[in-house]
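Worksheet for the structure shown next.
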Amino acid sequence: MTPTTQKDRPISFMLWDNQASTSLAQLGLVIRPEELTRTDPSRINDTQTLGGAWSDNFGEGLSTLSLSGHTGWRGTAEEDGLALFQRLYDTVFKQWHQLRRNNADNGIDPDGIELIFNDRMDNITVVVSPGQFQLRRHKSRALLAQYNISMTILRDASEEALIEADKITAAISNPRGRYRAASASMSDTIKKQQAWSKTVDELLGFSLSGVAQDVLDTSVELLTAVQEIVDTASGFIDATLAPLLFTATAFQQAARNAFQVLAAPANLAAQVKGALMSIASAFNDAYCTLINGFGLLTQFPDFSDLFGASSCSSTGGGRPTSIYARENPFVSMFPQQTSPVAVTEESAAATESLRQTDPLSMPIDAVPSQLQTMSNGIQVIKIKRGV
């Protein structure tokens with residue numbers, strides 16, 4: 001059995017106003033907590049005496065939740081890790097106390113302000129009260145703002161969550177919404193790579209600049225083709241389009257590794273090293289968008305006819321003789337179609353070499369020629385596709 005994917009099951013907080021029936025603030029944890037603990041206690045008093053023992057059972061107690069993790073360093077396109085940490089603190093702790101205090105000062109029931117914790121991975125949607133919010137810093141992770149959050153579960157909130165779902169969570173959880181978000185992210189990445197392609201000569205100023213420009217131009221062509229086809233096909237990737245997606249993904253991963261290798265020497269000028277690392281980051285952004293945004297949900301026909309007759313067919317039961325006994329079944333099931341990308345054997349070999357390499361161990365002298373071979377051997381073919 002294939003395990004259930006956890007990719008589209010985010011964890012988020014929402015401040016909810018019961019009087020206005022509206023959301024006051026929402027925050028999704030871009031990076032999952034490193035540790036999440038839920039404790040469900042029972043209200044049981046055990047009494048032991050000389051004559052025996054008994055238990056007084058008063059039912060379930062108040063459950064508790066604790067989260068620990070960090071908000072990252074780079075964050076998102078709009079906020080870095082420290083800004084995300086501040087917003088997490090404001091949403092989960094500061095605003096909850098402030099809004100409830102404001103209600104009490106104005107003669108309004110403070111319980112109308114609720115903090116809802118929604119964990120779609122563990123199917124937990126509950127109203128909580130924040131007991132403690134802790135900022136942690138450590139020299140081993142000096143760039144990260146780490147948090148410890150302890151909460152008490154007041155009641156189940158599944159119905160409230162269904163009434164007012166987190167729009168970001170809903171978009172990510174919905175396949176079409178995820179494709180739209182990935183397409184928007186891809187547009188930003190393409191613009192970033194186009195900008196690098198125009199300025200790479202000035203910034204690098206040495207023989208590698210021509211290779212870098214060719215690689216960036218090829219990458220932009222691949223990513224543009226992916227975006228156009230995915231948008232046209234409403235996010236559905238079939239057997240014809242999958243090779244383009246696989247090629248683009250491998251290309252981004254290989255180029256990222258290559259530019260990380262090129263940026264490794266300690267004697268590089270700071271400006272050149274920074275440019276190479278930024279280019280590697282642009283390839284990594286594209287790679288992550290392709291992997292996480294465009295799921296390879298390729299649908300194939302039933303393959304049961306391929307197996308042919310089983311050893312039990314002559315005595316009853318088993319499978320009948322395959323209808324493809326005298327022909328290639330894949331020709332019938334997958335008619336030859338024009339592929340949107342052509343890759344030479346040399347380019348595929350160079351891509352695979354760079355994609356599988358460890359940036360810390362690969363010889364830097366071999367990188368430019370492999371980048372050039374990888375880029376020169378890819379041709380994006382414009383095809384018309386009906387939907």
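Would you point out which residue out of MET121, MET151 is closer than 23 Å to ASP40 by Cβ, surrounded by fewer than 19 Cβ atoms within 10 Å (Cβ to Cβ) and either aliphatic (A, V, I, L, M) or under 26 Å from the mean Cα position of the chain (by Cα) (or both)?
Details: MET151 fails: surrounded by fewer than 19 Cβ atoms within 10 Å (Cβ to Cβ).
Just one listed residue meets the conditions, MET121.
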Going through (1) on the phi > 0 side of the Ramachandran plot; (2) assigned to a loop (DSSP other than H, G, I, E, B); (3) loosely packed, with under 12 Cβ neighbours inside 10 Å one by one, GLU78 fails only at (1)
Could we say that GLN132 is modelled with pLDDT of 90 or more, closer than 30 Å to ILE279 by Cα and surrounded by fewer than 18 Cβ atoms within 10 Å (Cβ to Cβ) here?
no
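On the given criteria, is LEU67 surrounded by 14 or more Cβ atoms within 10 Å (Cβ to Cβ), in a strand (DSSP E or B), aliphatic (A, V, I, L, M) and assigned by TED's automatic domain parsing to the domain that holds ARG155? Before you say what the answer is, go through the steps one by one.
Working: surrounded by 14 or more Cβ atoms within 10 Å (Cβ to Cβ): yes; in a strand (DSSP E or B): yes; aliphatic (A, V, I, L, M): yes; assigned by TED's automatic domain parsing to the domain that holds ARG155: yes.
Taking the combined requirement at face value, the residue satisfies it.
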The lone exception for ALA83 - which of (1) out of contact with any His (no Cβ under 8 Å at 6 or more places or on another chain); (2) of a type in the set (A, V, I, L, M, F, W, C); (3) in contact (Cβ under 8 Å) with a residue 40 or more places away in the chain it fails
(3)
Sole exception among (1) exposed (fewer than 11 other Cβ atoms within 10 Å of the Cβ); (2) charged (D, E, K, R); (3) more than 32 Å from the chain's Cα centre (by Cα) for ARG43, by number:
(1)
Could you identify the single residue in ARG155, ARG137 that is charged (D, E, K, R), free of Cβ contacts under 8 Å to residues at least 12 places away in the same chain and farther than 30 Å from ASP188 by Cα?
ARG137
Can you confirm whether ARG43 is of a type in the set (D, E, K, R) and in a strand (DSSP E or B)?
yes
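Can you pull out the helices (runs of 4 or more DSSP H) entirely within the range 264-370 that have at least 1 residues that are at pLDDT below 75, in the same structural domain as SER219 (by TED's automatic domain parsing) and surrounded by 14 or more Cβ atoms within 10 Å (Cβ to Cβ)?
Details: elements: 270-293, 329-333, 345-356.
The helices (runs of 4 or more DSSP H) meeting that bar are 270-293, 329-333.
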Going by the conditions given, is THR39 polar (S, T, N, Q), out of contact with any Lys or Arg (no Cβ under 9 Å at 6 or more places or on another chain) and under 18 Å from PRO10 (Cα atoms)?
no
Find the residue count for the range 100-114, including only residues that are basic (Lys, Arg) and loosely packed, with under 13 Cβ neighbours inside 10 Å.
1
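Residues checked against (1) surrounded by 11 or more Cβ atoms within 10 Å (Cβ to Cβ); (2) at pLDDT below 90; (3) closer than 27 Å to ASP188 by Cα; (4) not assigned by TED's automatic domain parsing to the domain that holds LEU135:
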{"site": "THR4", "(1), (2), (3), (4)": "no, yes, no, yes"}
{"site": "GLN26", "(1), (2), (3), (4)": "yes, yes, yes, no"}
{"site": "THR37", "(1), (2), (3), (4)": "yes, no, no, no"}
{"site": "GLY51", "(1), (2), (3), (4)": "no, yes, no, yes"}
{"site": "TRP73", "(1), (2), (3), (4)": "yes, yes, yes, no"}
{"site": "LEU84", "(1), (2), (3), (4)": "yes, no, yes, no"}
{"site": "TYR89", "(1), (2), (3), (4)": "yes, no, no, no"}
{"site": "GLN95", "(1), (2), (3), (4)": "yes, no, no, no"}
So which residues in the range 30-76 are more than 24 Å from GLN146 (Cα to Cα), acidic (Asp, Glu) and in contact (Cβ under 8 Å) with a residue 12 or more places away in the chain?
ASP40, ASP56, GLU60
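The values are calculated or read from the model by the stated rules, or taken from the named source; none is laboratory data. The structure displayed is predicted, hence computed values, not measured ones. Here the Cβ is made from the backbone with ideal geometry for all residues, glycine too, and neighbour counts use every protein chain on show.
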